[in-house]
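Structure in structure tokens, see below.
The values are calculated or read from the model by the stated rules, or taken from the named source; none is laboratory data. From a predicted model like this one, the values you see are computed outputs, not experimental measurements. Reconstructed Cβ throughout: ideal geometry from the backbone, glycine too, with neighbour counts over all protein chains shown. Note: accessible area is taken over every heavy atom of the protein model, side chains too, but ligands, DNA and RNA are not part of it. Shrake-Rupley method; radii C 1.70, N 1.55, O 1.52, S 1.80 Å.
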There are 2 protein chains.
Amino acid sequence: MTRVVQKFGGSSVADAESIKRVARRVLRTKQEGHDVVVVISAMGDTTDELMDLALQVSPQPAPRELDMLLTSGERMSAALLAMAIADLGATARSFTGSQAGVITTGTHGNARIIDITPGRIQSALDEGDIVIVAGFQGVSQDTKDITTLGRGASDTTAVALAAALRADFCEIYTDVDGVYTADPRIVPSARQIPEIAYEEMLEMAACGAKILHLRCVEYARREDVPVHVRSSFSDKPGTWVKDLADLKGPLMEQALISGVAHDRGEAKITVVGVPDKIGEAAAIFQTVADNEINVDMIVQNVSHVDTSRTDISFTLPKTDGRKAIQALEAIKDRVGFQDLLYNDQIGKVSVVGVGMRSHPGVTARFFSALAEADVNLEMISTSEIRISVVVDADRVDAAVAAAHTAFGLDAESEAVVYAGTGR
Amino acid sequence: MTRVVQKFGGSSVADAESIKRVARRVLRTKQEGHDVVVVISAMGDTTDELMDLALQVSPQPAPRELDMLLTSGERMSAALLAMAIADLGATARSFTGSQAGVITTGTHGNARIIDITPGRIQSALDEGDIVIVAGFQGVSQDTKDITTLGRGASDTTAVALAAALRADFCEIYTDVDGVYTADPRIVPSARQIPEIAYEEMLEMAACGAKILHLRCVEYARREDVPVHVRSSFSDKPGTWVKDLADLKGPLMEQALISGVAHDRGEAKITVVGVPDKIGEAAAIFQTVADNEINVDMIVQNVSHVDTSRTDISFTLPKTDGRKAIQALEAIKDRVGFQDLLYNDQIGKVSVVGVGMRSHPGVTARFFSALAEADVNLEMISTSEIRISVVVDADRVDAAVAAAHTAFGLDAESEAVVYAGTGR
């Protein structure tokens, strides 16, 4: 008996008709012989509407109470889906995150899953029920208060549940067909990726691909839960995210690059003229860390204004820009740097692929393509399976397209560049 | 430290502004030195809207799921009220019925409270919080599923909580000023009752007065929780419902009658020509009982069609009328009665008062007043403190007004009839 966890987002259950459509799909899965657990988001814009209501009674809603309020949305859609499935003749039961055993930290609005103890769900499945779980929520291990899980929550809950229930795989239903080799809005010739390894998807998500949240992919990789990302509006297969060892490539070979990701959400700060003394750089990054700001890429160069000093540049989320500037200005005298530059007109472009591990030509091919497209590189950062560059914001599209073509990912291209061919 | 439970209904929290108004009132109560627990209904028409949504996905919504859905309404308003109070600078926490320890039977849509174990509420109060409890809901003792409590639920929950927390009293906030000596829409000269005994309020509620639910008053009497029924739109005192021994009447005397209630919700069934054999009446009422129909008043007379037979009449809720007729027609041959009559154009009018216990003139005064008002009595039923009559539906108003005047309850009347004066 296969066991599957299916997750449906808000746009898939925007109204009563959509809920009934999802019910039919879920029932079909059950009738095909699977145990089914569904994780569901709130209908359409419900969460935003509840947030509005909260702001009407309090400009800074108490966090515990905001979680009590917002979780009503998922509760409602879970109950409605269970009703719709029952109406089709099957048995279905809905559960809140708490009832489903989703145990979390206590940070309201951004709790993390500590553990899942799905006893009640297991019993319901044993009784032959289809189980619906309200997404986005859990219960705090310490206070027993209801918590909401922050960004990417329902996807992560679905994968975490799949792991806890030893499901065979997890299906994430969304409003696009799957993961693409690049954003189709920038690169019309981008193709849907049939299969991608966990670590590649992790890099894609970390570098700006919005289709699956980083936290969700981390969980999938850690627990080895294959994830099928597909459209809720069709029956076409989507993209399978799996263990590298389970991928079936053409002719047992891997394409050098799986995809190109881009991220417009970062800004760059340059601390100009930092005295070349031990501990100065540490002081700068300690201050940034103390303000709970995540730093992405870092570059240190001889300063262009005074060669006995250094310039230190780093990128960070734009939303943390102001906070970082204020924190650094506060330590300016102590550290003794000369200036602070802020540039939010940047973008990060990354090529990702396990194939590059053993093939050193990727960097050269990438940089050549960018040069030919007249794109200037400001910063570079790499991992075993990813190369990222920071470019001007208005050169992002050109950079993505150039890399996509250079690695043969364009749809009309006959020759996808394979690792084995040496091209 | 006084402890009070306050209940606010849907019309008191119809929108964000109303919620803020309730928050100010609750905070005022706290600042006057009381421990405060608030039981709150869903905002405005939320419950109806959720019901509509349910019917859109399923014409006969699965009961367990309907309870999961509907309870979202109270959860939302409880969280919003807690936010609004926090915004005013106090600490407040909301709890679902389950979190508040409201343990119930398992009947979805009409569960009854078995017990209340308010441990978490008690702790929150000890920490100085204002506590908000979502009304209308609890958790099933057997299945641990969420349940909704049926009619009069939030009022009953408030009183039950007050009992479990040993509160000093319970305040039920509503959209009228209090309990009146008769329905002011029928009797413009009706007056607000300052104090009324539990057993009198019980009779008023059982006989049609809609201001407090029967179940709620029963709980209050059983646990001796004084209930203050008042308006959420003003600060005027309302009606106190208390133990008889705690009432302070003028000159230590009781008015003969506290009030006049009426009920248009009943119908009358007459089983005509029942053979005068042992067991026939029993068969009739057993059949009615087997169909879970509550019978109110019963009269048995010599049949007008055949003096060797009897006619048995009884009243029941109109909503059960069809079911009762069908059940009785099914046993017609077995019992051997001659006809079934159904009359839904009746009304029940009752005078209620502890004073009548020791004063036999009340019945005479009541019947004289009705006769003078040209109102025909069809059926009569009494308890120690109540006399009820069934009259034509279109004579109800006249009957209520006549009784109200006859017992000196009219506002402009100088002489309320007191037990001690012998009038």
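Quick one: is A:T143 under 30 Å from B:Q99 (Cβ atoms) and open to solvent by 30 Å² or more (accessible area, probe 1.4 Å)?
Values: under 30 Å from B:Q99 (Cβ atoms): yes; open to solvent by 30 Å² or more (accessible area, probe 1.4 Å): yes.
Considered against the rule, which asks whether it is under 30 Å from B:Q99 (Cβ atoms) and open to solvent by 30 Å² or more (accessible area, probe 1.4 Å), A:T143 comes out as yes.
For B:I113, work out the one condition from (1) modelled with pLDDT of 95 or more; (2) more than 25 Å from A:V131 (Cβ to Cβ); (3) surrounded by 22 or more Cβ atoms within 10 Å (Cβ to Cβ) it doesn't fulfil.
(1)
Among the residues of the stretch A:220-247, write down those that are assigned to a helix (DSSP H, G or I), open to solvent by 30 Å² or more (accessible area, probe 1.4 Å) and in contact with a helix residue (DSSP H, G or I) (Cβ under 7 Å, 6 or more places away or on another chain).
Residues of the stretch A:220-247 assigned to a helix (DSSP H, G or I): A:220-223, A:244-246.
If we keep only those that are open to solvent by 30 Å² or more (accessible area, probe 1.4 Å) too, we end up with A:221-223, A:244-246.
Across the stretch A:220-247, the qualifying residues are A:R221, A:E223, A:L244.
Then there is this: Mind counting the residues in the stretch B:134-152 that are in contact with a Gly (Cβ under 7 Å, 6 or more places away or on another chain) and within 14 Å of B:Q6 (Cα to Cα)?
Result for the stretch B:134-152: 1.
Within the stretch A:356-367, can you find the residues that are of a type in the set (S, T, Y) and either open to solvent by less than 60 Å² (accessible area, probe 1.4 Å) or not in a helix (DSSP H, G or I) (or both)? Explain how you work it out, then say what you get.
Applying the first criterion (of a type in the set (S, T, Y)) to the stretch A:356-367 yields A:358, A:363.
Listed by number, the list holds a single entry, A:T363.
Inspect the stretch A:82-98 for any residue being in contact with an Asp or Glu (Cβ under 9 Å, 6 or more places away or on another chain), farther than 16 Å from A:L27 by Cα and open to solvent by less than 50 Å² (accessible area, probe 1.4 Å) and give the result as yes or no.
yes
Of everything in the stretch A:40-60, what is on the phi < 0 side of the Ramachandran plot, surrounded by 16 or more Cβ atoms within 10 Å (Cβ to Cβ) and not in a helix (DSSP H, G or I)? Give them in sequence order.
A:I40, A:S41, A:A42, A:M43, A:S58
Please specify each residue of the stretch A:306-330 satisfying the condition of being free of Cβ contacts under 8 Å to residues at least 60 places away in the same chain and either open to solvent by less than 10 Å² (accessible area, probe 1.4 Å) or part of a strand (DSSP E or B) (or both). Lay out the reasoning, then the answer.
Taking the stretch A:306-330 and keeping what is free of Cβ contacts under 8 Å to residues at least 60 places away in the same chain, we get A:306-312, A:314, A:316-330.
Listed by number, the residues that qualify are A:R309, A:T310, A:D311, A:I312, A:F314, A:L316, A:P317, A:G321, A:A324, A:L328.
If I go through the stretch A:1-20 residue by residue, how many of them are part of a helix (DSSP H, G or I), away from chain B (no Cβ under 14 Å) and either open to solvent by less than 10 Å² (accessible area, probe 1.4 Å) or within 14 Å of A:A78 (Cβ to Cβ) (or both)?
Applying the first criterion (part of a helix (DSSP H, G or I)) to the stretch A:1-20 yields A:10-13, A:16-20.
Filter once more, so that each one left must be away from chain B (no Cβ under 14 Å): A:10-12.
Applying the additional criterion that residues be either open to solvent by less than 10 Å² (accessible area, probe 1.4 Å) or within 14 Å of A:A78 (Cβ to Cβ) (or both) yields A:10, A:12.
Residues flagged as part of a helix (DSSP H, G or I), away from chain B (no Cβ under 14 Å) and either open to solvent by less than 10 Å² (accessible area, probe 1.4 Å) or within 14 Å of A:A78 (Cβ to Cβ) (or both) within the stretch A:1-20 amount to 2.
Of all residues in the stretch B:98-133, count the ones that are within 13 Å of chain A (Cβ to nearest Cβ) and over 23 Å from B:T2 (Cα atoms).
3
Taking the condition of being farther than 15 Å from B:F337 by Cβ and surrounded by 15 or more Cβ atoms within 10 Å (Cβ to Cβ), how many residues in the stretch B:278-298 meet it?
Total satisfying the criteria: 4.
Moving to a separate point now. With respect to A:V37, is the statement that it is assigned to a helix (DSSP H, G or I), surrounded by 24 or more Cβ atoms within 10 Å (Cβ to Cβ), touching a residue at least 12 places away in the same chain (Cβ under 8 Å) and away from every other protein chain (no Cβ under 11 Å) true?
Working: assigned to a helix (DSSP H, G or I): no; surrounded by 24 or more Cβ atoms within 10 Å (Cβ to Cβ): yes; touching a residue at least 12 places away in the same chain (Cβ under 8 Å): yes; away from every other protein chain (no Cβ under 11 Å): yes.
Taking the combined requirement at face value, the residue does not satisfy it.
Any idea which residue in the stretch B:64-97 is nearest to A:P63 (Cα to Cα), counting only those that are acidic (D, E) and more than 7 Å from chain A (Cβ to nearest Cβ)? I'd like the intermediate steps shown before the answer.
So in the stretch B:64-97, the residues acidic (D, E) come out as B:65, B:67, B:74, B:87.
Right, trim to more than 7 Å from chain A (Cβ to nearest Cβ) and you get B:67, B:74.
Values: B:D67: 26, B:E74: 18 Å.
That would be B:E74.
Still on this structure, I have one more. With (1) outside any strand (DSSP E or B); (2) at pLDDT 90 or above; (3) β-branched (V, I, T) as the list, and A:I269 as the residue in question, which single condition is left unmet?
Result: A:I269 fails condition (1) only.
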